[in-house]
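The values are calculated or read from the model by the stated rules, or taken from the named source; none is laboratory data. In this text the structure is predicted, and so the values were computed from the model without any measurement. Note that each Cβ is placed from the backbone with ideal geometry, even for glycine, and that neighbours are counted across all protein chains shown. Accessible surface is based on the protein model in full, side chains and every heavy atom, while ligands, DNA and RNA are left aside. Shrake-Rupley method; radii C 1.70, N 1.55, O 1.52, S 1.80 Å.
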Amino acid sequence: MEALLTQTRILITTKTNPLSLPPPPSLPKPSLSLPNPLNQRTQLTHRRPLRVSASAQRAPASAAAEVAAASGLAVPSKMKAWVYSDYGDASVLNYDEGVSVPDLGEDQVLVRVVAAALNPVDFKRRLGKFKATDSPLPTVPGYDVAGIVVKVGSQVKTLKVGDEVYGDISEKALEGPKQFGSLAEYTAVEEKLLALKPKNLDFAQAASLPLAIETANEGLERSGFSSGKSILVLGGAGGVGSLVIQSLGVDLAIDYTKENFEELPEKFDVVYDAVGQCDKAVKAVKEGGSVVVLTGAASPPGFRFVVTSNGAALAKLNPFLESGKVKPIIDPKGPFPFSKVVEAFTYLETGRATGKVVIYPIP
């Protein structure tokens with residue numbers, strides 16, 4: 001993403017023109033927006049207007065207070081968590097106050113979870129879409145986390161108790177993701193998957209970022225996108241698409257319900273498809289261009305990839321977050337309290353979320 005920081009021209013397709021919306025309310029702390037990478041032309045399609053939300057809800061407790069609370073208590077043997085023992089819809093989720101705190105590996109840190117976020121992969125996993133490579137049931141779901149280190153393994157080299165961190169806790173989302181995820185009071189995570197939380201973001205904002213920003217960044221890198229190239233982004237209101245948009249800026253918005261983007265006379269060097277429309281996306285790309293496909297079937301020149309969690313990548317992106325060039329976008333219905341995880345999953349599965357669905361505070 002850092003390689004792409006130049007101006008760009010972007011076209012968005014959306015039901016409503018996001019550029020005509022009133023400016024978003026001021027945020028308590030800088031919200032995220034992706035670095036304005038490329039000096040290139042960019043077009044983008046997304047399904048609904050973006051709203052940059054910072055805590056359109058109760059303001060989080062101060063970081064100092066949360067650190068003090070987390071580091072001042074002994075780690076219990078049991079914790080509160082959301083668990084499912086069978087695959088299925090959101091009704092399989094159960095709140096359990098007696099889940100064992102996960103054991104700590106030598107290269108891991110134990111994180112007292114302050115906030116978590118949901119991604120489409122969370123409900124696809126719960127539905128059993130990749131049960132053949134999943135970890136054993138029962139499962140505590142959740143990939144994205146922001147919290148405070150309360151214990152460190154013997155081989156941990158950098159992180160220490162009291163550090164405020166964020167990250168995607170499973171290195172491979174579809175291959176053996178962690179059985180004990182982030183929708184719990186505690187989660188054990190390899191040090192290499194975490195980065196220090198950006199100083200200007202609260203925990204809810206930080207939790208909204210890891211999987212989405214790593215996916216946005218890795219997809220742009222894999223596509224060969226560089227300064228001077230054009231890009232069309234499909235699904236700009238979602239967690240990944242909104243970050244790609246922020247990186248590149250927006251030139252123009254079109255309504256995808258009234259105009260077929262694949263029939264535009266202009267073709268693009270890269271099409272970033274976050275919504276599963278590869279069959280149309282390949283018609284909008286230039287010869288020799290590439291189509292990044294995050295979901296659904298991919299046909300040439302489209303390619304699919306599954307992001308690899310990487311704390312070092314997050315650390316490299318932190319300056320863009322701390323400078324405000326990239327801002328987190330949290331769905332205005334959130335954050336959802338820990339008691340409303342079922343409702344948060346149900347809402348995410350409607351496909352109407354704009355930005356990220358965040359769970360805060362935990363518990």
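On a straight-distance basis, which lysines could pair with residue 283 in a cross-link, Cα separation under 22 angstrom, same-chain partners fewer than 8 positions away excluded?
15, 229, 258, 267
Can you work out ³J(HN,Hα) from phi for every residue in segment 137-150, in order, using Karplus 6.51 cos²θ - 1.76 cosθ + 1.60 and θ = phi - 60°, giving whole Hz and x for Gly and Pro?
Values per residue, Gly and Pro as x: 6, x, 10, 9, x, x, 10, 7, 8, 9, x, 10, 5, 10 Hz.
Could you sort the peptides 90-103, 208-221 by per-residue average Cβ neighbour count (10 Å cutoff), highest mean leading?
Going from most to least packed, we get 208-221, 90-103.
Beta carbons within 10 angstrom, averaged per residue: use that to sort the peptides 297-308, 174-185, 315-326, 116-127, highest first.
116-127, 174-185, 315-326, 297-308
Quick check for me: using +1 on Lys/Arg Cβ and -1 on Asp/Glu Cβ, what's the dipole size of segment 164-303 about its Cα centre, in debye to the nearest 20?
In debye, rounded to 20, segment 164-303 gives about 100.
May I ask you to give the percent of accessible area on segment 178-317 that is carbon plus sulfur, with a probe radius of 1.4 Å?
Ligands and nucleic acids excluded, carbon and sulfur reach 51 percent.
Roughly how many Å² is the accessible area per residue of segment 151-259, as a whole number, for a 1.4 Å probe?
33
Can you tell me the order of 154-163, 74-83, 270-279 when each peptide is scored by its average per-residue count of other Cβ atoms within 10 angstrom, highest first?
Ranking the peptides 154-163, 74-83, 270-279 by packing returns 270-279, 74-83, 154-163.
List the residues, sorted by chain then number, that are 5 or more residues from residue 277 or on another chain and whose placed amide H is less than 5 Å from its amide H.
none
What is the set of long-range amide H partners of residue 359 at a cut-off below 5 Å, with H atoms built 1.01 Å from backbone N?
116, 117, 118, 336
Which listed residue (360, 341, 313) has the Cα farthest towards the positive end of the charge dipole for segment 303-363, taking +1 on Lys and Arg C-beta and -1 on Asp and Glu C-beta about the Cα centre?
Ranked along the dipole, the leading option is 313.
Which residues' amide hydrogens lie under 5 Å from the amide hydrogen of residue 186, considering only partners 5 or more residues apart or on another chain, with H built in the peptide plane?
The answer is 113.
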